[in-house]
Amino acid sequence: MNRSLALVLIVSACGALTVGCNSSKKDHSTRGQAAPGVAGVASFQVTVATAGGGAGQVTLDPPSATGWYPDGTTVQVTAAPDATTSYFAGWGGDLAGQTASTVQLTVRSALQVSARFERPAAGAPRADFTSSPARPSGVAPFSVTFTDASTGSPTAWRWDLGDGRTATGRTVTHTYTSPGRYTVTLQAENQAGPGLPAIKRDLVVVVDRDAGSPYWYVDDTYGNPLKTHTASEATLAQQVLSLVNQERAAAGLAPLQADAQAERAAKAHVEDMAGRRYFDHVSPEGWTPSDRMRMTKGTGYRMVGENIAVGQRSAQAVMNAWMASPGHRANILDARYTHLGVGVDEPSWNWCQVFLTR
């Protein structure tokens, strides 16, 4: 596995100095009922079904095992075809006429939703597309250009842009106005009919300039709490702190204290690098380590520094790599620092150390 390192030193008071080497709704006459197990709450049931000769499924978010939702709940309904065999051909029931594969609705009556999936005819095109930028991510409003790259000589194109909007044409430029993660789907068609779609999940990530990246939060969703370490990740983070203090003791330096605010910022950064597939101290929209401390509600520090790494599968391995790099070693053995927070994302093996002077 490729292993990388990077470091940055941010001297912070108010600013920062970077140094170093590195809806569809239809009214029904059904009266509000009490959902099973929720006495006295006016609720309605959303019933889903599939139709056609293809394969796929309909999902509801937030999910409900019974399909019952309290009156006024906003539900996102998504038709997800098996993209290896089938395409989404349209909605029926209370979403008839909607063309986007993801639709938001407000539950104020009993609803029936049906998605039709079909299999392409022989000779139909196979959809594919590119985007510019190639890894589209930025602050809203954020514009992305999508260009057809399908095989099979398509003559018509239908784009589902993931935010309830659709478009046609070989090339489409779309502006996303709200923060979130967006799945983009292209359906291409020729004289044989519609072909298999190209579905690129969470392709577009639009971030909130105040709240940060959606990958900072539980379930990668704004409004949820910031992510915290799993038990095994917490053990790795503690091991890194212990190894740092061993190195500092050998150099005659005071130990660093564990810092919850620094850990919060470090964890946010490893999750974001993993989610948006980049490796840098500065996020795609320009957020620095100092910015992340501020945005994750860090207070009371005078200086912040950061080491990052990716690919090492143990605390000892990542510490060996950092200590072998003069710049990273300098951060670890900087006498000015008093506190440390460590972030780990075990699935991607992204690591982050956030050093503070308090």
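The values are calculated or read from the model by the stated rules, or taken from the named source; none is laboratory data. Every value quoted in this text rests on a predicted model; they were computed, and no experiment measured them. Using ideal geometry, Cβ is built from the backbone for each residue, glycine included, and neighbour counts are taken over all protein chains shown. Ligands, DNA and RNA are excluded from the accessible area calculation, which covers all protein heavy atoms including side chains. Shrake-Rupley method; radii C 1.70, N 1.55, O 1.52, S 1.80 Å.
3J(HN,Hα) along segment 301-316: 10, 10, 8, 9, x, 8, 10, 10, 7, 8, x, 7, 9, 8, 4, 5 Hz, from the Karplus curve 6.51 cos²θ - 1.76 cosθ + 1.60 with θ = phi - 60°, whole Hz, x for Gly and Pro. Considering only C-alpha atoms, what is the centroid distance from segment 253-285 to segment 148-181, in Å? Taking the Cα centre of segment 148-181 as reference, the centre of segment 253-285 is 34 Å away.
If you take all other residues with their beta carbon under 13 Å from the beta carbon of Thr175, and give Lys and Arg +1 and Asp and Glu -1, the sum is 0.
Over all other residues within a Cβ to Cβ distance under 12 Å of Leu241, the charged ones net out to -2, with Lys and Arg as +1 and Asp and Glu as -1. A simple spin-label model places the labels of Thr155 and Ala49 3.5 nm from each other, with each point 7 Å out along Cα-to-Cβ.
Between the amide H of Trp68 and those of Val46, distances stay under 5 Å, these residues lying 5 or more places away or on another chain, with hydrogens modeled in the peptide plane. Each other residue within a Cβ distance under 12 Å of Lys297 adds +1 if Lys or Arg and -1 if Asp or Glu, for a net charge of +2. Label points 7 Å out from Cα along the Cβ direction at Ala167 and Thr85: separation in nm? Modelled inter-label distance: 3.3 nm. Looking at segment 229-358, the accessible area is 37 square angstrom per residue; that uses a 1.4 Å probe and ignores ligands, DNA and RNA. Tell me, what % of the accessible area of the chain is carbon and sulfur with a 1.4 angstrom probe? It is 50 percent, rounded to a whole number.
Classify segment 93-230 as rounded, prolate or oblate, taking a ≥ b ≥ c as the square roots of the eigenvalues of its Cα gyration tensor: rounded when a/c is under 1.5, otherwise prolate if a/b is larger than b/c and oblate if not.
Numbers: a/c = 2.24, a/b = 1.41, b/c = 1.59.
Judged from the Cα gyration tensor, segment 93-230 comes out oblate (a/c at least 1.5, b/c at or above a/b).
Keeping all protein chains in place, calculate the accessible area per residue for segment 41-130 (probe 1.4 angstrom), answer in Å². Spell out each step's value before the answer.
Values: 3940 Å² over 90 residues.
Computed with neighbouring chains in place, this is 44 Å² per residue.
Couplings 3J(HN,Hα) for segment 317-328, derived from phi with the Karplus relation 6.51 cos²θ - 1.76 cosθ + 1.60 (θ = phi - 60°), are 5, 6, 5, 4, 5, 5, 5, 7, 9, x, x, 5 Hz, where x marks Gly and Pro. For segment 131-189, the per residue solvent-accessible surface stands at 46 Å², with DNA, RNA and ligands left out and a 1.4 Å probe. If you wrap the tightest convex hull around every Cα atom of segment 208-273 and split its volume per residue, you get 101 Å³. Would you please classify the overall shape of segment 259-299 from the alpha carbon gyration tensor, given that a ≥ b ≥ c denote the square roots of the eigenvalues, rounded means a/c under 1.5, and beyond that prolate means a/b larger than b/c while oblate covers the rest? Oblate, because a/c is 1.5 or more while a/b does not exceed b/c. The C-alpha atoms of segment 178-221 occupy a region whose extents along the principal axes are 48, 18, 9 Å, arranged from largest to smallest. Give a quick list of trypsin sites (Lys or Arg not before Pro) in segment 185-263 that DSSP marks as loop, anything other than H, G, I, E or B, with at most 15 other Cβ atoms within 10 Å. Those satisfying the criteria are Arg209. Ordered from longest to shortest, the equivalent ellipsoid semi-axes for the chain are 46, 25, 17 Å, each the square root of 5 times a Cα gyration tensor eigenvalue.
The alpha-carbon positions of segment 74-166 define a convex hull whose volume is 126 Å³ per residue.
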